[in-house]
Amino acid sequence: MFELTNKVAIVTGASSGIGRATAKLFAENGASVVVAARRHGELDALVAEIVEDGGKARALAGDVRDETHARKLVELAVDAFGGLDIAFNNVGSVGKMGPISDLPAEDWHATLDTNLTAAFLGAKYQIPALIARGGGSLIFTSTFVGYTAGMPGMAAYAASKAGLIGLTQVLAAEHGPQGVRVNALLPGGTDTPSATFKTPESREFVEGLHALKRVAQPEEIARSALYLASDASSFTTGAALLADGGLSINRT
């Protein structure tokens, strides 16, 4: 049920963390993978790992906020592997944190551009390619912040990631008849290079927010992405799937 044999997937934000773990897991389960991020070296290393393990992968470095990059990613998937079946739009940035009264408008726009507008640009080119293959799975990485919890100082992040859930629902309704499933994945605290917990004290605090009293490893979130990408979730669309270690329900 979780096999991706003969499938082609795009994974953005693939140079580290959740994106990197997901790209490797997709490839391990049979998908040909096109990986994207801004850092050339990290992408090349990821492709080399996937190929060494017997998988197929290509890389295209660039900025997800660039519409040309979004188009070229899909073109690479089609040219290199014949089409597109799965798109995991995973890039995200917490952005500048602080009270909204102190937040410059340019920082607000920068966070929304990275987290929300880039997802729109990705979907704009991915959806026609998915339809051309008879349907597929489109996934956005959102978050519990702005969905089940408000975290002080994270207004732009919360607004942008909550916007992804609205985008998910509309695209699922629009393109369900064409066989395209669209879902949002909402991780909890995850041990990635971009995690906001940088000290032992802050990590302990974040771990305590979760019912499981720990944060996730990227590979754990990748397995939820694999579920959404695969036929195991064939009747799941328009969903905001929490993979948050019980953070949203925890009061202990």
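Read-outs throughout are calculated quantities, based only on the coordinates presented, and are distinct from any laboratory measurement. Keep in mind that this is a model prediction, so the values were computed, not measured. Glycine gets a Cβ as well: all are built from the backbone with ideal geometry, and neighbour counts include every protein chain shown.
Just so you know, in segment 26-38 the residues that are in contact with a strand residue (DSSP E or B) (Cβ under 7 Å, 6 or more places away or on another chain) and outside any helix (DSSP H, G or I) include one that is nearest to GLU75 (Cα to Cα), and it is VAL34.
For ALA45, the conditions (1) in contact with a helix residue (DSSP H, G or I) (Cβ under 9 Å, 6 or more places away or on another chain); (2) more than 29 Å from GLY179 (Cβ to Cβ); (3) of a type in the set (A, V, I, L, M, F, W, C); (4) not in a loop (DSSP other than H, G, I, E, B) all hold with the exception of (1). In the condition set (1) touching a helix residue (DSSP H, G or I) at 6+ places or on another chain (Cβ under 7 Å); (2) touching a residue at least 24 places away in the same chain (Cβ under 8 Å), VAL145 is compliant with all but (2). Scanning segment 211-229 for residues that are outside any helix (DSSP H, G or I), surrounded by fewer than 20 Cβ atoms within 10 Å (Cβ to Cβ) and within 22 Å of the chain's Cα centre (by Cα) yields ARG214, GLN217. For segment 195-217, enumerate the residues that are within 15 Å of GLY245 (Cβ to Cβ) and basic (Lys, Arg). Listed by number, the residues that qualify are ARG203, LYS213, ARG214. Contact annotation: residue pairs with Cβ atoms under 7 Å, 6 or more positions apart or on different chains, pairing a residue in segment 99-118 that is surrounded by 16 or more Cβ atoms within 10 Å (Cβ to Cβ) with a partner that is polar (S, T, N, Q) and part of a helix (DSSP H, G or I), are THR111/SER160; LEU112/SER160; ASN115/SER160; LEU116/SER160.
Just name the residue that is nearest to GLU220 (Cα to Cα) out of those in segment 26-49 that are in contact with an Asp or Glu (Cβ under 9 Å, 6 or more places away or on another chain) and surrounded by 22 or more Cβ atoms within 10 Å (Cβ to Cβ). First the steps, then the outcome.
Here is the first cut: in segment 26-49, the residues in contact with an Asp or Glu (Cβ under 9 Å, 6 or more places away or on another chain) are 27-31, 38.
Of the ones still in play, those that are also surrounded by 22 or more Cβ atoms within 10 Å (Cβ to Cβ) are 27, 31.
Working: ALA27: 16, ALA31: 18 Å.
Selected residue: ALA27.
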